[in-house]
Amino acid sequence: MVNKVYLVGNVGKDPEVRYIESGVAVANFSLATNETYKNKNGERITNTEWHNIVVWRGLAEVAEKYVKKGSLLFIEGKIRTRSYDDQNGNKRYITEIVADNLKMLDRMSSESSQGAQPQAPEGGFESDETDDLPF
């Protein structure tokens with residue numbers, strides 16, 4: 001059995017990074033993917049899907065430093081669904097992509113209208129430590 005996801009899309013918001021009790025970094029952000037097709041009337045239709053992305057450890061630190069809203073990313077990871085009880089005691093479910101590979105597909109310019117931006121390193125970033133996640 002295989003649980004593998006490949007996504008290419010744009011980041012919907014800057015990553016939110018936190019450190020759990022053991023000092024391990026975890027980052028969350030949304031990623032939008034688009035599917036475009038023509039309907040029976042020849043009209044171009046675009047459907048956008050939003051994905052919740054989770055990155056751990058070194059990848060979370062990379063995301064904090066280089067990933068920004070609008071960044072074009074390649075994500076490789078696993079689908080995970082978890083549940084929690086909301087404030088009213090109702091069981092809620094959330095589906096996330098736990099990324100173990102992240103590649104920046106757009107180039108950040110060394111200058112922008114807001115001043116100098118960090119240049120993302122070439123290539124991707126991988127983590128082989130997702131098997132011992134604390135959930």
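Each value in this text was obtained by applying a stated rule to the coordinates, not by laboratory testing. This one's a predicted model, so the numbers in the text were calculated from it and none came from an experiment. Cβ coordinates were reconstructed from backbone atoms using ideal geometry, including for glycine residues, and neighbour counts include every protein chain displayed.
So the values come out like this:
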item	result
Set of the stretch 1-40 residues, backbone N closer than 16 Å to the point 7 Å along the Cα-Cβ line of ASN47	32-40
Likely footprinting exposure, ASP14, ASP86, ASP106, ASP100, fewest C-beta neighbours within 10 Å first	ASP86, ASP106, ASP14, ASP100
Among the listed pairs LYS13/LYS103; LYS4/LYS65; LYS69/LYS103; LYS68/LYS103; LYS78/LYS103, those beyond 23 Å (Cα-Cα)	LYS4/LYS65
